[in-house]
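The values are calculated or read from the model by the stated rules, or taken from the named source; none is laboratory data. These figures come from a predicted structure and were not determined experimentally. So basically every Cβ, Gly included, is an ideal-geometry build from the backbone, and we count neighbours across all protein chains shown.
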Amino acid sequence: MKKLFLFFALLPSVIFSQEKDSVYYSKMQWFADAKLGIFIHWGIYAVNGISESWSFYNGYISHEDYVKQKDGFTAEKYDPALWAKLIKESGAKYSVITSRHHDGFALWNTKLGNFNAVKNSAAKKDVLTPFMKALRNEGLKVGIYYSLSDWSHPDYTNFTNKEKRYENDPERWKKYLTYFQGQLNELSDSYNPDLFWFDGDWEHSADEWEAKKVRAMLITKNQNVILNSRLQGYGDYATPEQGMPVVKPESEFWELCLTMNDSWGYQGVDVNYKTPQQVIDIFADVISKGGNLLLDIGPKADGTIPDEQVNILKELGSWTKKHSEAIFGTRAGIYKEHFAGPSTLSKDKKMLYLFVKGNPNEEIELLGIKNKINRVYVVGEGTMLNYKLMGKVYWSEYPGITYISLPKNVQDKYMTVVAVLLDGEVDLYRK
Ligand code: GLC
């Protein structure tokens, strides 16, 4: 596959030492509480069902044939209100949509160039604006994905993996900078998004992109706007891609972006879908490590969302709804030595949520908690659970093992969550 892309995806996410002041922490608050976002890759690549932008970049299809897909991009069944409802139903608190991918096709009526849904597709309409409105109507936060690179643009350096337009031509590069920064201005002025999700930064340095200036420009327009990390070090949070971090990332704020199958955009042949169970398992691991999950869907060219994806969103939604107190607004949980599974903590750290993977044999164990436990119950279900402290000897400070009984009849079909109310902030015995 795409060598460069793989290399990029494996790089540790860059963390940034931007102005980490009170403005930074207050703007990151909703993001830290949100936990779940829905990513949308929608563009002309859905017509043939081929990889977004990369298919021509890597030479699987000529650029000319790739671009022809615009004539099949009808959006005839596109119902942005329905999309937003479905996203809300999944439990997500925000959504990020590809306003323009590396192929240069813009979903909105940009004044900068004609390669967009209005002037150059069968849809003949702006498909971004109504979605931005629909998200706001549902009370969801609005995120805009924007690729810094545009492989179709005559003034962009790279065309395909075999062909570069030019190496060093400051005047031409300047034109490209004016173009992409102009589009960012348009997006910011038209939608005032809560978040910009950059991509495609790897082909140029921070200086070449004028990343510092871009950051300043967007923040001047909205001091609360959040920028992801893919702005060559000038972002606010880390964005690991596909690879679920095995250990808790160092950065305070992070978001795992993940496909439901193996493709970002709609590819009919790709039926390698994760099951709802697997998506929920990954989600629990993400929030247990203090991150967000940005789960991707790839709508078809007519604007409908594939059934498998709708099903995952709905199954995830019924689970997040039932367990919302253990998910939204929580913080990373305790170390796996204390509980062999994902966990989260309430902001005040007095409530510990244990996510029980698999089907335990009616009992789970919690080790080395120094606190007194006041109450244990099943989240979203209410049943109080019996628990017993074992192995606590009077002459030792070792706090013992708490066995919590978890009868089969209270277990969730996907993952049961057990709430443990402590007598104060969680206090762990670490010897
Ligand atoms: C990568 C790919 C791209 C995809 C994105 C999502 O950078 O280039 O196709 O949109 O990741 O995270």
Checklist outcome for this item: Scanning region 189-213 residue by residue, those closer than 17 Å to Gly143 by Cα and either surrounded by 19 or more Cβ atoms within 10 Å (Cβ to Cβ) or not assigned by TED's automatic domain parsing to the domain that holds Ser149 (or both) turn out to be Tyr191, Pro193, Asp194, Leu195, Phe196, Trp197, Phe198, Asp199, Gly200
Checklist entry - Mind checking which residues of region 71-123 are in a loop (DSSP other than H, G, I, E, B), more than 16 Å from the ligand (Cβ to nearest atom), touching a strand residue (DSSP E or B) at 6+ places or on another chain (Cβ under 8 Å) and under 19 Å from Trp264 (Cβ atoms)? => result Ala92, Ala117
Item to check | In region 259-269, residue farthest from Leu293 (Cα to Cα) [restricted to those that are in contact (Cβ under 8 Å) with a residue 60 or more places away in the chain and within 16 Å of the ligand (Cβ to nearest atom)] | outcome: Gln267
Next on the checklist: I'm told Ile282 meets every condition in (1) surrounded by fewer than 20 Cβ atoms within 10 Å (Cβ to Cβ); (2) outside any helix (DSSP H, G or I); (3) within 16 Å of the ligand (Cβ to nearest atom) except one. Can you identify the failing condition by its number?
Outcome noted: (2)
Item to check | Test result for Leu177, of a type in the set (A, V, I, L, M), closer than 28 Å to Asp296 by Cα and at pLDDT 95 or above | outcome: no
Next on the checklist: Looking at region 226-244 only, could you name the residues that are more than 15 Å from the ligand (Cβ to nearest atom) and either over 25 Å from Ile282 (Cβ atoms) or at pLDDT below 95 (or both)?
Outcome noted: Gly233, Tyr234
Item to check | Extreme residue, farthest from the chain's Cα centre (by Cα), among residues of region 109-128 that are buried (at least 22 other Cβ atoms within 10 Å of the Cβ) and of a type outside the set (A, V, I, L, M) | outcome: Ser121
Item to check | Some residue of region 307-319 being touching a helix residue (DSSP H, G or I) at 6+ places or on another chain (Cβ under 9 Å) and part of a loop (DSSP other than H, G, I, E, B) | outcome: no
Checklist entry - Right, Gln232: exposed (fewer than 15 other Cβ atoms within 10 Å of the Cβ), outside any helix (DSSP H, G or I) and over 16 Å from the mean Cα position of the chain (by Cα) or not? => result no
Checklist outcome for this item: Every listed condition ((1) part of a helix (DSSP H, G or I); (2) away from the ligand (no atom under 15 Å from the Cβ); (3) touching a helix residue (DSSP H, G or I) at 6+ places or on another chain (Cβ under 8 Å)) holds for Gln223 save (1)
